[in-house]
Amino acid sequence: MRSLSTKLKTEIGKTVEVAGWVNSRRDHGGLIFIDLRDHEGIIQLVITPDTPEAFQTAEGLRDEFVVRATGMVRERAPELKNPNIETGEIEIVVDELELINKSEPLPVNTHDEGDISGEELRLKYRYLDLRRPSMQQMLKRRAEYYRFMRQYMDENGFIEITTPILANSSPEGARDFLVPSRIHPGKFYALPQAPQQFKQLLMVGGVPRYYQIAPCFRDEDPRADRLYGDFYQLDCEMAFVDDGEVVRLALEPLIKKLVTEFAGKELVSEDVPRIPYREAMEKYGTDKPDLRYGLELIDLSDDLKDCEFKVFQTPCVKAIRVPGGSKFTRKQIDEFTELARKNGAGGLAYILYENGDVRSPIAKFLKDGELKAIQEKTGAQDGDAVFFGADERDKVNKVLGVMRIAFADALGLKDSQKVALCWIVDFPFYEWDEKNNKLDFGHNPFSMPKGGLKAIRETENKLDIVADQYDMVMNGLESCSGAVRNYNPEIMYEVFGVLGYDKEYVAEKFGGMLNAFKFGAPPHAGCAFGIDRMLMELLDTKSIRDVVAFPKNGSGIDLMMESPSGIDDGQLDELHLEVVEDE
């Protein structure tokens, strides 16, 4: 049986057999034309009354019926060639036509043309949605993506090793999915949020370089760039590495190749910058900056420290210069102001520079020297706008970080054919948990604090301790997270001790790792790339659900399989569980 593809062009004059779905049917009286579709494309079938059985079968065909046809390939007449499909120069004159299976009228569109069905309906009938050519192409590209990564990792000395799915609970920063044990009543497995502990144990086991395309499970709320429940990451680890730069240099070429060779896009810079976390927050208001555009945050606190404008009488005043921003409409500025308010600001002060003049509701409150300092410090020119944030420093950074993205969207600064990469380094080891009013880990307890035991013991303000941790950012999306690992039991006890956890707690939670570390654990470091999220960016899809064959919807429900679902009492009894209804 032959696939539908351009290779049929080499079969002119020969008899072939093809099979697929009826993409469309056209009855021209004495002739019936069928566009037959499979995963490779479309070929036109011609059925004539000279083959009465085939003609009779063709008369009863409808869209999406499954058929098999045998016939001779011939070149189309010049005036009948179709330049819009790859096989538009040829057609098959059918001798035999077999109806394999019928189809009911479809609830979703299986073409990329016309109105694409809504996402909820497409996910309910995902097996039909996958027939669309763009979805078929996505599946092929995803397979190619996997091959590309595996080839690079294999060529660079990494060994592919799978790790357990039924594991123990570990604090990765999200909720676990728990699996009750039937044979050990009252105890639970956890689906791994990441293979973190296992890959570290592989380093203790003498593996020099490990990787896998690992399934991970996190009970986090879904969003456009994050799948609910299960997702995949390129997980890797390197032994005898105590400097994160070694890992970054080892994996960075892979990502650059994925951008240029796999996706055919342009790198904004061949040199991938390393930006310390605190610098990123001060310049971009986020630890995931999109470097395809500038719009940096400019600190005016010193320039406006004696300002009489009440709004600017705060610990921190910053601004963003928006080139061409004077053309924003009143409605756009109102929308920007509302967005700032939603993110905690009292409002959004601004200055517009037009025809050599300053236009702003706040200009009358500022001295000439202050206006001059603002223009000089921001570099604002005629046609630009400057927007301000004033409050506590962290809040200003957060609000202007959100506004920076909104301005870029409004000005169309995100070129989809360009990719800007950067590494964010030197994350805080600890952070203050406002919700629970206590100190907590900034990321996870497995990272090595820079300075080791000495830093933990001697740094008075624990928020000043820096972890040898790093993220790669791709066009404003976190695509990778990694760190030099804490492989020393004494340091492990100490970092937990800062948060009030005793040795017994640490031993209970991480006994397997701690015991392993007592037997000559080498220094090691690694990272994990969110390959679903990266593929979304590389293929220019709007939602991460469009790069996965069978995703759940935005509420975490599998509409196709009707999951999650209830289970019967017998299953509950086996697992020693009882469902307690919410009051």
Under 10 Å from the Cβ of residue 416, count the other residues' Cβ atoms, weight Lys and Arg +1, Asp and Glu -1, and hand me the total.
+1
Rank these residues by their accessible area, most exposed first, probe 1.4 Å: 262, 177.
177, 262
The percentage of the accessible area of the stretch 366-459 (probe 1.4 Å, all protein chains present) made up of carbon and sulfur atoms, to the nearest whole number, is 46 percent
What ranking, highest mean first, results for peptides 145-156, 524-535, 250-261 when packing means the other Cβ atoms within 10 Å averaged over each residue?
524-535, 250-261, 145-156
State the dimensionless ratio Rg/Rh of the stretch 476-527 (Rg: radius of gyration of Cα atoms; Rh: Kirkwood radius).
1.07
So if I average 1/r over every pair of distinct C-alpha atoms in the stretch 33-132 and take the inverse, what Kirkwood radius in Å does that give?
15.1 Å
If amide H atoms are built 1.01 Å from N in the plane of the peptide, which residues on other chains or at least 5 residues away come under 5 Å of the amide H of residue 20?
67
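Percent relative contact order of the stretch 501-583, based on C-alpha pairs within less than 8 angstrom and at least six residues apart?
Taking the mean separation of contacting Cα pairs over the length of the stretch 501-583, I get 10 percent.
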How high is the relative contact order of the chain, in percent, with contacts defined as C-alpha pairs under 8 Å that are six or more residues apart?
13 percent
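Give me the percent of the accessible area of the stretch 1-89 that comes from carbon and sulfur atoms, probe 1.4 Å, all protein chains in place.
On the way: 2260 of 4590 Å².
For the stretch 1-89, the apolar C and S fraction of the accessible surface comes to 49 percent.
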7 Å from Cα along Cα→Cβ at both residue 579 and residue 355: what's the point-to-point distance in nm?
7.0 nm
Where labels lie 7 Å past Cα in the beta-carbon direction, separation of residue 179 and residue 139 in nm:
2.6 nm
Amide H neighbours of residue 169 at under 5 Å, excluding residues fewer than 5 places away on the same chain, with H built from the backbone geometry, are 190
Which one of 233, 358, 567 has its Cα pushed farthest toward the positive end of the charge dipole of the chain, where Lys and Arg give +1 and Asp and Glu give -1 at the Cβ?
358
Residues meeting the amide H criterion for residue 301 (H placed from the backbone, H to H distance under 5 Å, 5 or more places apart or on another chain) are 317
How would the stretch 288-385 be classified by its alpha-carbon gyration tensor: rounded, prolate or oblate, with rounded meaning a/c under 1.5 and the a/b versus b/c comparison settling the rest?
rounded
Just to verify a number: what accessible area does residue 541 come out at with the full protein assembly present, 1.4 Å probe, Å² rounded to tens?
40 Å²
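Rounded to a whole number, what % of the accessible area of the stretch 229-323 do carbon and sulfur atoms account for, probe 1.4 Å?
47 percent
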Answer rounded, prolate or oblate for the stretch 430-583, using the Cα gyration tensor with square roots of eigenvalues a ≥ b ≥ c: rounded when a/c is under 1.5, else prolate when a/b is larger than b/c, else oblate.
oblate
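Mean shadow of the stretch 401-519, computed from the convex hull of its alpha carbons, in nm²?
Projected area, direction-averaged: 9.9 nm².
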Top to bottom by accessible area (1.4 Å), largest first, where do 382, 306 land?
306, 382
If every Lys and Arg gets +1 and every Asp and Glu gets -1 at its Cβ, then about the Cα centre the stretch 482-537 yields a dipole, in debye to the nearest 20, of 140 debye
Compute the Rg/Rh shape ratio of the stretch 186-264: radius of gyration over Kirkwood radius, all on alpha-carbon atoms.
1.04
Counting only helical runs of four or more DSSP H residues, what would the 222 nm mean residue ellipticity of the chain come to if each run contributes -39,500 (n - 2.57) and the total is spread over all its residues?
-8000 deg cm²/dmol
Can you give the accessible area per residue of the stretch 444-537, in Å², using a 1.4 Å probe?
37 Å²
Summing +1 per Lys or Arg and -1 per Asp or Glu among the other residues with Cβ less than 14 Å from residue 151's Cβ gives -2
Residues of the stretch 276-313 with amide N under 11 Å of the 7 Å Cα→Cβ point at residue 376:
none
Could you tell me the accessible area of residue 102 in Å² (1.4 Å probe, neighbours in place), rounded to the nearest ten?
140 Å²
Okay, which of the stretch 187-206 sit inside 18 Å, backbone N to the point 7 Å along the Cα-Cβ direction of residue 168?
187-205
Principal axis extents for the stretch 140-237, Cα atoms only, whole Å, descending order, please.
45, 38, 23
Can you pick out the pairs among 124/542; 454/518; 187/509; 124/265; 140/552; 7/542 whose Cα atoms lie more than 24 Å from each other?
124/265; 7/542
So what is the accessible area of the stretch 125-250 per residue, in Å², with the probe set to 1.4 Å?
47 Å²
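The values are calculated or read from the model by the stated rules, or taken from the named source; none is laboratory data. Bear in mind that the values here come from a model prediction, so they are computed numbers and not experimental data. Here the Cβ is made from the backbone with ideal geometry for all residues, glycine too, and neighbour counts use every protein chain on show. Side chains are part of the model used for accessible areas, which takes the heavy atoms of the whole protein and leaves out ligands, DNA and RNA. Shrake-Rupley method; radii C 1.70, N 1.55, O 1.52, S 1.80 Å.
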